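Shown next, in structure tokens, is the structure this report addresses.
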Amino acid sequence: MEPERILLAHGSGGKLSYDLIRELFLPPLHNPILATLADAAIFSRQGMRLAITTDSYVVDPIFFPGGDIGKLAIYGTINDLAMGGAKPLYLSIGFILEEGLPLEELRVLVNSIKEAAQQCGVDIIAGDTKVVPRGKGDKVFINTTGLGVVSEGVELSVDRICVGDRIIINGFIGEHGIAVMTQREGLEFDTPINSDAAPLWGLVSQMLDASQGLHLLRDPTRGGVATVLNEVVGGNDFGIHLEEEALPIGEGVMAACELLGLDPLYVANEGKLIAFCQPDEVDSILTAMKRDPYGREAKVIGEVVDAPAGKVIMKTRVGGTRLLDMLTGEQLPRIC
Amino acid sequence: MKYIDEFRDNSLARALARNIAHLAEGRPEVTLMEVCGTHTVTVFKHGLKDLIPDNVTLLAGPGCPVCVTPTDYIDKAIAYARLEGVTVATFGDLFRVPGSSSSLEKERAKGGDIRIVYSPLDALRFAQENGNRKVIFLGVGFETTAPLVAVSIQEAGRRGIRNYLVFIAHKVMPPPMEALVSDGELRIDGFLCPGHVSTIIGWGAYRFLSQQYRIPCVVAGFEPLDVLEGIVMLLRQIRNGDSQVENQYRRAVREQGNPRALSIMKEVFEIADSEWRGLGIIAGSGLTLRERYRGYDAEANIEVEIEPASSHPGCICGNVLKGVKTPLDCSLFRRVCTPENPLGACMVSSEGTCAIYYKYSNRA
């Protein structure tokens, strides 16, 4: 029997990543906070509800249409805090640099990090730098850890989801993944597709102000919308019904996906959130979202149903239904 | 999006579904085979089975290039990837297909230089830029990909690139369809003929099936309305007792196909017998390089030893590819054979019947 090894697909955010976390990491490191497997860990200390999250960024290429690895490292961690309903306070940042990286590129990245942090209203208060020999890394890897604070009364968790909850998304899906992929593979389209990388705390805070009926927030990053929805229903006694007709998919992403044989529902986003909320609060939440620049295109894409439990089913435009499963393996370009 | 929205229109789909129901009403069981894996994807991705009455069965055929490639090909590709100084370049689908004991994906994790490319020309460019490495492109696929590989070989000659090689397992389409109908194991009342292949070979290529075997054939496109209209056309032929080749995919397919692509293929390749997973060796169903291009043939120039191929004893991929079984008949399906741990090729490719059932079907 060959020894099992880490495959790239273990990092794709799909089923293999999920299994790796559940089976290899969680059992030995188990504790009640980690076990929630939420985007941000939330705990109380001396009367304060705090949120902490960490994320590493290894994107290739480090500069892509609509962003770079520096911006991503700030926004991504801010967004993980925001999905827990936490106002971001501070960040730490760690760099792993590959020997030979042009200093000018690093300068540009650090400037981009500065701007992103200012935009989010957070300070970076701790940092670390390591350098690895050429070929042992890929230009720049960045880790950021974020600390945030959660207001009294804010409670976002899968446990709050009820049958009948509406599912809202704040805009067009698949843009980040396609922007990075087209840049990486040297594919050119007439209209370049920009990454949707964006900080979402501003949007989330308006949503929290507007309604008590918000039950859960998730950001559909790696593995895309379909994978996140599957994580939500997994092992639970409810399912999700999606309307294909309602999914906001831009023309560029649609065209790229059709060409490459990809499904936009599995393509990564970096400025999107999926909200579960009680039906009578939909209007007030949508109204609040549309006031924010990152929520203008917000709309309802589906709802929570009682059956089939544990599954995401989509009504297709032509009137059929299909199962939406988790992403399995990397999405691979196909032969024909 | 133009050319997409029109072909996914809800009211037109419902109208076609009514037409199908009308044509199928009161008839005994009708079995239609969609030969091409991409058609199977369309059927499941858009939930078309919900729009088709129970007495019309859609059967997935042997039209997934990765799935019909036998295990020993994968084993050999893996053996190439283990050689010092060799880069293996492949289309993405083949990457995770299990060989007898490994896969290209696992070999890459072990340090093999395996690259996923979108076109053989990308592999050729890599060869040109890395003169110290031998670059082997895995030439798998039907008439849709074979012309591209032929072009890359001609281009290598033109640019004097000597370190570009191809490992050919190309297959051609009409022969396995004939094998399926002459085999007699399966009753097929009509073929939904592959759209992409037909852009190259032309719809005239299926005429012998409708004439000699009296099987209705319709070449169809890949959008949901294309497939639904293709089914309407097949059912109409069946009702009228016709058997002819009709072309639903008029916006892409001509009777003669693409003469330029055909002539490039003919220049570089010659027809040979070829082994299909599940179907065995089918006469005249494959392509090999012509003598004057042998310098680019990986098999003729680099020797590797492989053990006799083995596959999982419970795997029924072969019968799934023939259409005599569905994934739901397989004891491994979903239980031990999953896309992340595939035991057979049909679970790997996005065009593979098992992967499609796993991914899209709520019925299992």
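Bear in mind these aren't lab numbers, they're just calculated from the coordinates by the rules spelled out. This one's a predicted model, so the numbers in the text were calculated from it and none came from an experiment. Glycine also receives a Cβ, built like all others from the backbone with ideal geometry; neighbour counts cover every protein chain displayed.
Listed values, structure above:
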{"read-out": "Residue order, fewest to most beta carbons within 10 Å, for B:TYR293, B:TYR3, A:TYR75, B:TYR118", "value": "B:TYR3, B:TYR118, B:TYR293, A:TYR75"}
{"read-out": "Per-residue Cβ neighbour rank within 10 angstrom, fewest leading, A:ASP128, A:ASP39", "value": "A:ASP128, A:ASP39"}
{"read-out": "Max mean-square fluctuation residue, GNM over chain A, Cα-Cα springs under 10 Å, options A:VAL253, A:VAL318, A:VAL232", "value": "A:VAL318"}
{"read-out": "Cα gyration tensor, the range B:233-338 - rounded (a/c under 1.5), prolate or oblate", "value": "oblate"}
{"read-out": "The range A:170-301: projected area of the alpha-carbon convex hull, averaged over directions, in nm²", "value": "8.4"}
{"read-out": "For A:ILE78, B:ILE306, order by how many other beta-carbon atoms lie within 10 Å, fewest first", "value": "B:ILE306, A:ILE78"}
{"read-out": "Chain A: C-alpha gyration tensor shape, a/c 1.5 cut-off, then a/b vs b/c", "value": "rounded"}
{"read-out": "Inter-centroid distance (Cα atoms) of the range B:7-76 relative to the range A:13-47, Å", "value": "42"}
{"read-out": "More than 52 angstrom apart: percent of Cα pairs within the protein assembly as shown", "value": "13"}
{"read-out": "Size of electric dipole in the range B:12-92: Cβ of Lys, Arg +1 and of Asp, Glu -1, about Cα centre, debye, nearest 20", "value": "260"}
{"read-out": "Radius ratio Rg over Rh of the range B:14-53, counting only Cα atoms, Kirkwood formula for Rh", "value": "0.99"}
{"read-out": "Fully extended contour minus Cα-Cα distance, from B:ASN362 to B:GLU270, at 0.36 nm per residue", "value": "28.8 nm"}
{"read-out": "Residues A:ALA246 and B:ARG250, FRET efficiency given R0 of 35 Å [Cβ-Cβ distance, rounded to 0.05]", "value": "0.65"}
{"read-out": "Helix B:10-24 axis, angle to chain B major axis (alpha carbon atoms, nearest 10°)", "value": "70"}
{"read-out": "Label-point gap, in nm, between B:ARG133 and A:GLN46 - each point 7 angstrom along Cα→Cβ", "value": "5.6"}
{"read-out": "Table column - 3J(HN,Hα) (Hz), the range B:128-139, Karplus curve with 6.51, -1.76, 1.60, x for Gly and Pro", "value": "5, 7, 10, x, 7, 10, 8, 10, 10, 8, 8, x"}
{"read-out": "Beta bridge orientation in the protein assembly as shown: antiparallel %, DSSP, nearest 5", "value": "55"}
{"read-out": "Cα-based convex hull, the range A:38-150, per residue volume (Å³, whole number)", "value": "104"}
{"read-out": "22 Å Cα-Cα reach of A:LYS299 towards lysines, excluding residues that sit fewer than 8 places from it in its own chain", "value": "A:LYS272, A:LYS290, A:LYS311, A:LYS315"}
{"read-out": "Cα-based Rg of chain B normalised by 2.2 N^0.38 Å, two decimals", "value": "1.00"}
{"read-out": "Where GluC sites (Glu not before Pro) fall in DSSP loop in the range A:53-162, at most 11 other Cβ within 10 Å", "value": "A:GLU99, A:GLU152"}
{"read-out": "Label-point separation, B:THR31 to B:ASP54 (7 Å along Cα→Cβ), nm", "value": "1.9"}
{"read-out": "Label point 7 Å beyond Cα of A:THR287 along Cβ direction - residues of the range A:183-224 with amide nitrogen under 14 Å", "value": "A:207, A:209-212"}
{"read-out": "The range B:1-157 - Debye-derived log10 I(q)/I(0), Cα point model, q = 0.08, 0.12 Å⁻¹", "value": "-0.38, -0.70"}
{"read-out": "Distance between modelled label sites at A:VAL132 and A:THR54, nm, 7 Å Cα→Cβ extension", "value": "1.6"}
{"read-out": "Loop GluC sites (Glu not before Pro), the range B:1-37, which have at most 15 other Cβ atoms in a 10 Å radius of their Cβ (DSSP)", "value": "B:GLU25, B:GLU29"}
